[in-house]
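First up is the structure itself, then whatever we jot down about it.
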Amino acid sequence: MKRVLVLCSTSRYRRELLARLRLPFDCAAPDIDETPLPNEAAAALSERLAIAKAKALASRFPDSVLIGSDQAATCAGRLLGKPGTRAAAIAQLRAASGRTVEFHTSVAVLDARTGECRSTGDVTQVRFRSLSEHAIERYVDLEPALDCAGSFKCENLGIVLFDGIDSQDPTALIGLPLIATARLLRGFGLDPLG
């Protein structure tokens, strides 16, 4: 019997990324508290939440392999969340102007039958160019990335905000590191290439 693969997320970005692997999968929303713990580092936060998302749905999908993923970003030592509003997006981009923002993206794969869970993370450094107030406001008006940590979409117009991106996996910045995800899935017997 084929195992059901479940993406523990309602993020359209993660859904689109996972679809690239051409493995059939379902999506379900994990109900977890995503509040950072006191003094929790971004890497630890993203890994903890990726694991929690996968485990949150294990009892609902007891014969499945579950994928949880999470991302945390920091700028000048400050954790960045999803802006939610135009004003918050402008403030995030203003703070990032001329600086490097680190994105910690973690993925966890859980075999609900055995309880075995494996996780890993990726760090992406995004070097922002110096941005004028006009450029920031114009970007936010053209592409309001209010549901994205850092207030941009690198796969679209947001790419013009940068001087460079340093990463082992370009998909990590979008929200699901596919190189690591494919490696973890192969460890559970799910190989996109059979």
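The values are calculated or read from the model by the stated rules, or taken from the named source; none is laboratory data. Computed from a predicted model, the values in this text were never measured in an experiment. Here the Cβ is made from the backbone with ideal geometry for all residues, glycine too, and neighbour counts use every protein chain on show.
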Restricting to the stretch 1-11, and then to whatever is crowded, with 17+ Cβ neighbours inside 10 Å and farther than 17 Å from Arg113 by Cα, can you tell me which residue is modelled with the highest pLDDT? Ser9
The residue from Leu66, Leu49, Leu93 that alone is assigned to a strand (DSSP E or B) and touching a residue at least 40 places away in the same chain (Cβ under 8 Å) is Leu66
Within the stretch 75-82, identify whether any single residue is in contact with a helix residue (DSSP H, G or I) (Cβ under 9 Å, 6 or more places away or on another chain), more than 18 Å from Ala145 (Cα to Cα) and either touching a residue at least 24 places away in the same chain (Cβ under 8 Å) or not in a strand (DSSP E or B) (or both), and answer yes or no. yes
Filtered residue count, the stretch 144-162, keeping only those that are surrounded by 15 or more Cβ atoms within 10 Å (Cβ to Cβ) and modelled with pLDDT of 95 or more: 2
Tell me which of these Arg14 doesn't satisfy, since it passes every other one: (1) surrounded by 15 or more Cβ atoms within 10 Å (Cβ to Cβ); (2) of a type outside the set (Asp, Glu); (3) farther than 19 Å from Ile179 by Cα. (3)
Checked the stretch 150-194 for anything in a loop (DSSP other than H, G, I, E, B) and polar (S, T, N, Q); matches are Ser151, Asn156, Ser167, Gln168, Thr171
Which of the following residues is crowded, with 20+ Cβ neighbours inside 10 Å, under 15 Å from Gln71 (Cβ atoms) and not small (Gly, Ala, Ser): Ile165, Ile174, Ile136? Ile174
